[in-house]
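These notes are about the structure you will find just below.
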Amino acid sequence: MLSYGQGANLIFTNLTVIKQGIVINKEDNKFGVYVDVLFQKDTLRFFSVQLLSYSVSNELEQYDKDQTVNRKRFIFSIAAKLNNGFTRRVRETKTLSKVIADSPYPVVVCGDFNDPPASFTYQQIVSNKINDAFIESGSGFGNTYFWTFPKVRIDYILASERFNLYNYHVIKTNLSDHLPVEAFLEIK
């Protein structure tokens with residue numbers, strides 16, 4: 001089995017790899033990898049991505065623990081991080097959406113979008129005529145982020161319309177603040 005990756009984004013495969021690459025935006029922010037693999041007579045492109053986190057969890061936890069924190073400074077800090085995060089996330093989303101749209105092969109996109117299904121990020125990416133494994137074959141809330149309430153789904157398996165998606169489910173484990181997901185894919 002071979003692995004291809006950059007940072008936290010890895011792809012493991014025992015299929016023949018034709019090409020590999022990094023998903024990168026203009027700011028030199030590497031947030032994903034892809035491999036083109038040969039499966040039977042088809043070439044398929046698999047992505048592993050992790051979009052930018054808004055990075056406000058530490059401030060929120062600190063505020064919950066210490067209510068004496070300067071409220072104005074706290075709100076300004078959160079607003080500044082969110083503004084920066086939104087701006088960078090839009091750039092990442094547009095880059096990823098273009099890379100998906102430009103793919104000459106059917107795609108499978110797996111990863112941590114750090115955004116729920118109602119977000120601009122998710123909607124922009126699925127607008128590339130790709131299906132969500134949870135929508136196709138999941139059940140319940142499908143929450144993938146361990147520490148939030150209400151439950152939220154921010155990790156995805158998406159695939160071109162060329163695939164049937166089956167048996168999506170979230171793996172319940174406490175190895176991370178994110179819960180792993182899996183699904184079966186079949187080429188139509």
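Summary table
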quantity	calculated
Selection count where residues are crowded, with 17+ Cβ neighbours inside 10 Å, of a type in the set (A, V, I, L, M, F, W, C) and at pLDDT below 95, scope the range 18-48	3
Residue satisfying all of: in the range 121-147; modelled with pLDDT of 95 or more and of a type in the set (F, W, Y); farthest from the chain's Cα centre (by Cα) among these	F134
Residues (at pLDDT 90 or above and in a loop (DSSP other than H, G, I, E, B)) located in the range 82-114	D102, S103, P104, Y105, P106, F113
In the range 116-130, the residues that are assigned to a loop (DSSP other than H, G, I, E, B) and within 19 Å of P106 (Cβ to Cβ)	S127, N128, K129
Tally of residues being touching a helix residue (DSSP H, G or I) at 6+ places or on another chain (Cβ under 7 Å) and outside any loop (DSSP other than H, G, I, E, B) across the range 131-146	1
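This table checks each residue for (1) modelled with pLDDT of 95 or more; (2) part of a strand (DSSP E or B); (3) of a type outside the set (K, R); (4) buried (at least 19 other Cβ atoms within 10 Å of the Cβ).
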residue: F149; (1), (2), (3), (4): no, no, yes, no
residue: L158; (1), (2), (3), (4): yes, yes, yes, yes
residue: Y166; (1), (2), (3), (4): yes, yes, yes, no
residue: S176; (1), (2), (3), (4): no, no, yes, no
residue: F184; (1), (2), (3), (4): yes, yes, yes, no
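The values are calculated or read from the model by the stated rules, or taken from the named source; none is laboratory data. Everything numeric here is computed off the predicted structure, so don't read it as measured data. So basically every Cβ, Gly included, is an ideal-geometry build from the backbone, and we count neighbours across all protein chains shown.
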